[in-house]
Amino acid sequence: MSTAKADLRSALEARFGDALALETWSGPGGRSLPLAAPIGDEAWSELLRFARAERVRVLPVGLGSKLELGLVDQVELLASTRSDTDVIDYEPGDGTLTARAGARLGRLAQHIRVGGHRLTPTVPEPERTTLGGALAAGQDGFDRLRYGPIRHQLLGLRMALADGTIVKSGGKLVKNVTGYDVHRLLAGSLGTLAVIVEASLRLYPLPETHVLVRASSGSTNDALTTSRALLALPIRPVAVVARNTGGSGWTIEVVLEGRDDVVTWELARVREVLPVCTTEGGRHDLGAPHLRAMSALERRSGSWPPLTIRTRPSRLADALVIVEGACLAASLRPEIATHPGLALAWVWFGDELPAELGLRLDRELRADGHALRWRGPQRPPGGQDPLRPDVPAPARRTMFNLERALDPDGVFPGLRLDDAP
Amino acid sequence: MDTKLVAALRAVVGERGLIDDPTRLLPYESDGLAMLAVRPPLVLLPRTTAEVARCMQLLAEYGVSIVARGAGTGLAGGATPVADGVVLSTARMRDVLEVNVEDRFARVQAGVVNVDLSGLCQAHGLAYAPDPSSQMACTIGGNVANNSGGPHCFKYGATTRHILGLVIVTHDGEILDLSEPVVDPDGYDLVGLFVGSEGTFGVATEVTVRLVPAAPVVEVQLAIFADLDAACDSVSEIIKQRLEPSALEILDKLTIEAVEDSVFAAGYPREAEAVLLIEVEGVETEVNGIAREIRTILEARGALEIRTARDATQRKKLWAGRKGAFGAMGRIAPDLYVADAVVPRTKLRDLVRRTIEICRERDLRLANVFHAGDGNLHPNICYDRRDPDEVRRVLAAGHAILEACVEAGGALTGEHGVGLEKLAEMELLFTADDLAAMCRVREAWDPERRLNPGKLLPMHACLEIRTAALPPAPTSLDT
Ligand SMILES: Cc1cc2nc3c(=O)[nH]c(=O)nc-3n(C[C@H](O)[C@H](O)[C@H](O)COP(=O)(O)OP(=O)(O)OC[C@H]3O[C@@H](n4cnc5c(N)ncnc54)[C@H](O)[C@@H]3O)c2cc1C
Ligand SMILES: Cc1cc2nc3c(=O)[nH]c(=O)nc-3n(C[C@H](O)[C@H](O)[C@H](O)COP(=O)(O)OP(=O)(O)OC[C@H]3O[C@@H](n4cnc5c(N)ncnc54)[C@H](O)[C@@H]3O)c2cc1C
């Protein structure tokens, strides 16, 4: 073990003085790690060069409040973008925004409002989500149905590689095919390939108005049938969501936004499918309480969903039959929220998920062809590992080669890509 | 080429799947960048993914390079053969494997022609949005490899936003089946990375594409201007006002003349200096509202006349000139050099002017027809490839245009790719470190660099990383 590693904190202080604003990160199970917060390209380069030379493994993080523990367990140091927050360039005439990775999505959304723009994703906690963290986690907003996933918003980025060099991919332009889209590789890479230090996003017009439509529905089947009818309308909803409620019923929510006249027209179409409904809305305001409620959909009961199911739209009902069937047999009532248009479902099991039920769900859902992601402590032992991509072995090998190509010395933690048992 | 290898390949693809007769190799000598031509020793035309995989295994054993080829309409020399390498054409891989209306996707073999897929979707009220002007010929595999654009990509985004899955055969003949259309990639986004890799990562054999519902109402506006600047400024203003038409295309005077003299004649007025084609789509209210606001901008910028069409036949007629523009220009010069660069949309007018000056200084005829809404310029320079001096001036003008665009915050290519054409200019935009990182990514896919060698990345940038004086690094970290 290198000397720096034995007393990393002192070594960092000796090398960087106060420049890294060292703190201590404390995680579950009494785990604690030093957390450094470099600002600017040069500081990132130097920190990574130090880490490489001293064989210290680093996880780049945003605010680092909710990290995948499988990654944290592999490292000795967290390097946070929390203080590297500047807006580099907002070009209203071109509809693009460039900012440092630590900028919070909430502040960026405020910043571009003056120029009449909105950004996506609209995440549950925009003030506590960094641009880099959202990109590296491939985080969605509730507005994905209309605007697409975060990786499609990314025009380009600058990244700090494991050897400390700073490189760029893509640019700030809305159209550009010069060179490889290495930035696409970084989106969703969970901090395992490089540090995103700066990124450029495409922007959208700030809508004049918005409206949230809410209606009740009976069974799971009714809710999904109604959602399909809504999705078949000639409208461009921001979200169509179905979630089960405390009793036996479901709630359907539709969010519309855009020009006043268009929203009015679309609302009339929605009412044809949902004759009994309530509406709230008005001027587009990201702070509006009901929009907050929509974006907090993913944090029902105050926690992230332990299970995310991704499938084809036509197969969502099959997946929910499996979930509800297995839970019923175990006398458990799961909370479920779905984006039927995206074929995405989140499931919460309450305080306890019996391991055998978790395993049964894992087995049956995968056998029926649905993709799963477990997160947090409720993942059943032996269930789908969030760090091990559920893709054919040749694809995992290509991923392994890419990890090795960008980070040959393993300065960053890795996904689990080898095929050894 | 080794006769044993040729025999083994013939056994895989059959007599119709292999061309080695020199007279039949001629059409494969170049792509749309006709000034670069190399006669390949062998062309393979496999039918299935399994055949592609078997061929690639054999070629790996013999260390032979492979240039994938769709329809050869690329304009950057991406499909130009390499000496001693084989061309692997997808021309016999034209099956549509699945159109899933309920889940809005289609799965096709890579050789399916863009327009055939679009036509098939139309019957279901759906559309495959990317529509390169070459869509009558170009293949979905070529579109994937180049991340191609088209007029409607202004609203819908380029090819990459429409690709849900791929089957890729790797350098050594392994099959990566990533064809299932999932909401998000699991692990790294291999599909997203592959799109735009110009045949250097592998051969795409099947493509899963996203389909979008066809818009209920579509209006095309054709605005006629006495001044190219005013057309450019109208586009910048439309973007600035955050209006969202689905397409914004400009044609200049020389293009208009060429179109009107051709079978693509669309009734564009010959006295115009520029026409701006705008398409707005959506529901009736939306189209009415946006079209009205755009009209106000066009009038304020001095449009001489604004024609509109909602009826499908009329719309098609207004579009015919744009879609046929490249074909029509065949009449005004033996050869056409189609440059491709992107600029910030706030700087359209300045950069279009600059391209005109650059060509005028070099005594070259220039026709501009471009995806103005995306800031994607296509200065088309007329020339005769038999005149070496003219060829030299054309290349110099192309370089000067790219320099000007990069200086203005633009990029080297908006849709045609780097290919062979823009290798030298990559260093205008990227540092040696940027390029070295890209080389490493490339080598993760193709360690021997046998796939489309010498394209997309300047060779010396890749060679340098092999010999780079990196400090000795540990091979693994002790944890
Ligand atoms: C168990 C768990 C469940 C979660 N579930 C959900 C969920 O269901 N839905 C949801 O929307 N969000 C979920 N999150 C949160 C989300 O994934 C992000 O973590 C968070 O929203 C972004 O916060 P942050 O900016 O502080 O980034 P962090 O939480 O600090 O980082 C997020 C990830 O990105 C990496 N990273 C951060 N910054 C960079 C950078 N600049 N360069 C490279 N890599 C970087 C980190 O290593 C980490 O893997 C969950 C998180 C955890 C740990
Ligand atoms: C008249 C005209 C108009 C054009 N208009 C447009 C336009 O509007 N927008 C636009 O973006 N482009 C346009 N182009 C350029 C060209 O048509 C596109 O780049 C198109 O996508 C190329 O497709 P192709 O099948 O002809 O591919 P090719 O030219 O055969 O190949 C292009 C590149 O893709 C690689 N490749 C091909 N197939 C595969 C595969 N299956 N797997 C891996 N790699 C592969 C080749 O190696 C090469 O690098 C135009 C060209 C012409 C001649």
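Only one of (1) hydrophobic (A, V, I, L, M, F, W, C); (2) assigned to a helix (DSSP H, G or I); (3) in contact with an Asp or Glu (Cβ under 8 Å, 6 or more places away or on another chain) fails for B:Leu25. Which number is that?
Evaluating B:Leu25 over (1) hydrophobic (A, V, I, L, M, F, W, C); (2) assigned to a helix (DSSP H, G or I); (3) in contact with an Asp or Glu (Cβ under 8 Å, 6 or more places away or on another chain) leaves (3) as the failure.
Collect the residues in the range A:129-174 that are within 7 Å of another protein chain (Cβ to nearest Cβ), within 11 Å of the chain's Cα centre (by Cα) and in contact (Cβ under 8 Å) with a residue 40 or more places away in the chain, keeping them in residue-number order.
A:Gly138
For every residue, the table says whether it meets (1) within 16 Å of ligand 2 (Cβ to nearest atom); (2) farther than 20 Å from B:Ala436 by Cα; (3) without any contact (Cβ under 8 Å) to a residue 12 or more places away in the chain; (4) not assigned by TED's automatic domain parsing to the domain that holds A:Val75.
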residue: A:Asn176; (1), (2), (3), (4): yes, no, no, yes
residue: A:His183; (1), (2), (3), (4): no, no, no, yes
residue: A:Leu186; (1), (2), (3), (4): no, no, no, yes
residue: A:Val197; (1), (2), (3), (4): no, no, no, yes
residue: A:Asp222; (1), (2), (3), (4): no, yes, no, yes
residue: A:Ala229; (1), (2), (3), (4): no, yes, no, yes
residue: A:Pro237; (1), (2), (3), (4): no, yes, no, yes
residue: A:Val240; (1), (2), (3), (4): no, yes, no, yes
residue: A:Gly247; (1), (2), (3), (4): no, yes, yes, yes
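Which one of these is on the phi < 0 side of the Ramachandran plot and either among the β-branched types (Val, Ile, Thr) or touching a strand residue (DSSP E or B) at 6+ places or on another chain (Cβ under 7 Å) (or both): B:Gly125, B:Gly141, B:Gly119, B:Gly74?
B:Gly141
Does the range A:201-212 contain any residue that is of a type in the set (Asp, Glu) and under 22 Å from B:Ala444 (Cβ atoms)?
Within the range A:201-212 (the criterion being of a type in the set (Asp, Glu) and under 22 Å from B:Ala444 (Cβ atoms)), the answer is no, since none of the residues qualifies.
For the range B:330-366, how many residues are farther than 16 Å from B:Ser133 by Cα and more than 10 Å from every other protein chain (Cβ to nearest Cβ)?
24
If a residue must be surrounded by fewer than 16 Cβ atoms within 10 Å (Cβ to Cβ) and within 16 Å of B:Ala215 (Cβ to Cβ), how many such residues does the range B:289-313 contain?
So the count comes out to 3.
Filter the range B:313-348 for residues that are more than 20 Å from the chain's Cα centre (by Cα) and farther than 30 Å from B:Val406 by Cα and give the result.
Scanning the range B:313-348 gives B:Thr313, B:Gln314, B:Arg315, B:Lys316, B:Lys317, B:Leu318, B:Arg331.
How many of the residues making up the range A:175-186 are within 23 Å of the chain's Cα centre (by Cα) and charged (D, E, K, R)?
Residues flagged as within 23 Å of the chain's Cα centre (by Cα) and charged (D, E, K, R) within the range A:175-186 amount to 2.
If you scan the range A:212-223, which residues turn out to be surrounded by fewer than 20 Cβ atoms within 10 Å (Cβ to Cβ) and either of a type outside the set (Asp, Glu) or within 26 Å of the chain's Cα centre (by Cα) (or both)?
Once the filter is applied, which keeps residues that are surrounded by fewer than 20 Cβ atoms within 10 Å (Cβ to Cβ) and either of a type outside the set (Asp, Glu) or within 26 Å of the chain's Cα centre (by Cα) (or both), the range A:212-223 yields A:Arg214, A:Ser216, A:Gly218, A:Ser219, A:Asn221.
Tell me yes or no: at least one residue of the range B:10-31 is under 30 Å from B:Glu421 (Cα atoms) and within 14 Å of another protein chain (Cβ to nearest Cβ).
Scanning the range B:10-31 turns up no residue that is under 30 Å from B:Glu421 (Cα atoms) and within 14 Å of another protein chain (Cβ to nearest Cβ).
May I ask you to list the residues in the range B:100-141 that are outside any loop (DSSP other than H, G, I, E, B) and more than 25 Å from B:Thr48 (Cα to Cα)?
Of everything in the range B:100-141, those that are outside any loop (DSSP other than H, G, I, E, B) and more than 25 Å from B:Thr48 (Cα to Cα) turn out to be B:Gln122, B:Leu126, B:Ala127.
Look through B:Leu36, B:Leu97, B:Leu5 and report the one residue that is assigned to a helix (DSSP H, G or I) and either of a type in the set (A, V, I, L, M) or modelled with pLDDT of 95 or more (or both).
The unique qualifying residue is B:Leu5.
Could you list, in sequence order, the residues of the range B:405-458 that are in contact (Cβ under 8 Å) with a residue 40 or more places away in the chain, outside any loop (DSSP other than H, G, I, E, B) and within 30 Å of B:Cys55 (Cα to Cα)?
Of everything in the range B:405-458, those that are in contact (Cβ under 8 Å) with a residue 40 or more places away in the chain, outside any loop (DSSP other than H, G, I, E, B) and within 30 Å of B:Cys55 (Cα to Cα) turn out to be B:Val441, B:Arg442, B:Trp445, B:Leu451.
Would you call A:Gly383 over 21 Å from B:Pro181 (Cβ atoms), touching a Phe, Trp or Tyr at 6+ places or on another chain (Cβ under 7 Å) and buried (at least 18 other Cβ atoms within 10 Å of the Cβ)?
yes
Among (1) on the phi < 0 side of the Ramachandran plot; (2) away from every other protein chain (no Cβ under 14 Å), there is one condition A:Glu257 misses while meeting the rest; what is its number?
Of (1) on the phi < 0 side of the Ramachandran plot; (2) away from every other protein chain (no Cβ under 14 Å), only one is false for A:Glu257: (2).
As an exercise: evaluate A:Val254 against (1) part of a strand (DSSP E or B); (2) surrounded by fewer than 23 Cβ atoms within 10 Å (Cβ to Cβ) and give the number of the one condition it does not meet.
A:Val254 satisfies every listed condition except (2).
Give the range B:54-80 a look and list any residue that's within 14 Å of chain A (Cβ to nearest Cβ) and within 13 Å of ligand 2 (Cβ to nearest atom), or say none.
Selection gives B:Met56, B:Gly74, B:Leu75, B:Ala76, B:Gly78.
Output the residues belonging to the range A:196-238 that are farther than 24 Å from A:Gly116 by Cα, within 13 Å of another protein chain (Cβ to nearest Cβ) and within 16 Å of ligand 1 (Cβ to nearest atom).
none
Identify, please: which residue in the range B:166-192 is assigned to a helix (DSSP H, G or I) and at the interface with chain A (Cβ under 7 Å from one of its Cβ atoms) and is, among those, surrounded by the most Cβ atoms within 10 Å (Cβ to Cβ)?
B:Leu190
Restricting to the range A:289-323, name every residue that is modelled with pLDDT of 75 or more, of a type in the set (Ser, Thr, Tyr) and not in a strand (DSSP E or B).
Passing the criteria: A:Ser303, A:Thr311, A:Ser314.
Kindly establish whether B:Ala79 is in a loop (DSSP other than H, G, I, E, B) and surrounded by fewer than 20 Cβ atoms within 10 Å (Cβ to Cβ).
When the stated conditions are applied, B:Ala79 does not pass them.
Name the pairs: first residue in the range A:348-377 and over 21 Å from A:Ser314 (Cβ atoms), second residue of a type in the set (A, V, I, L, M), Cβ to Cβ under 6 Å, at least 6 apart or on different chains?
Close Cβ pairs satisfying both conditions: A:Leu357/A:Ala330; A:Arg360/A:Ala326; A:Trp374/A:Leu307.
Looking only at the range B:1-31, which residues are closer than 15 Å to B:Ser89 by Cβ and in contact (Cβ under 8 Å) with a residue 40 or more places away in the chain?
B:Leu9, B:Val12, B:Val13, B:Arg16, B:Gly17, B:Pro27, B:Tyr28, B:Glu29, B:Ser30, B:Asp31
Looking only at the range A:177-195, count how many residues are hydroxyl-bearing (Ser, Thr, Tyr), more than 8 Å from chain B (Cβ to nearest Cβ) and closer than 23 Å to B:Gly410 by Cα.
Residues flagged as hydroxyl-bearing (Ser, Thr, Tyr), more than 8 Å from chain B (Cβ to nearest Cβ) and closer than 23 Å to B:Gly410 by Cα within the range A:177-195 amount to 0.
Considering A:Val114, A:Val75, A:Val87, which residue is surrounded by fewer than 21 Cβ atoms within 10 Å (Cβ to Cβ) and within 14 Å of chain B (Cβ to nearest Cβ)?
Just a single option satisfies the conditions, and that option is A:Val114.
Here is a list: B:Ile297, B:Ile239. Which entry is modelled with pLDDT of 95 or more and among the aliphatic types (A, V, I, L, M)?
Being modelled with pLDDT of 95 or more and among the aliphatic types (A, V, I, L, M) holds for just one of B:Ile297, B:Ile239, which is B:Ile297.
Among the residues of the range B:108-165, count how many are more than 7 Å from ligand 2 (Cβ to nearest atom), more than 14 Å from chain A (Cβ to nearest Cβ), among the aliphatic types (A, V, I, L, M) and crowded, with 23+ Cβ neighbours inside 10 Å.
Residues flagged as more than 7 Å from ligand 2 (Cβ to nearest atom), more than 14 Å from chain A (Cβ to nearest Cβ), among the aliphatic types (A, V, I, L, M) and crowded, with 23+ Cβ neighbours inside 10 Å within the range B:108-165 amount to 4.
The values are calculated or read from the model by the stated rules, or taken from the named source; none is laboratory data. Just so we're clear, the structure is a prediction, and the values are computed from it rather than from any experiment. Positions of Cβ are backbone-derived with ideal geometry, glycine not excepted, and every protein chain shown enters the neighbour counts.
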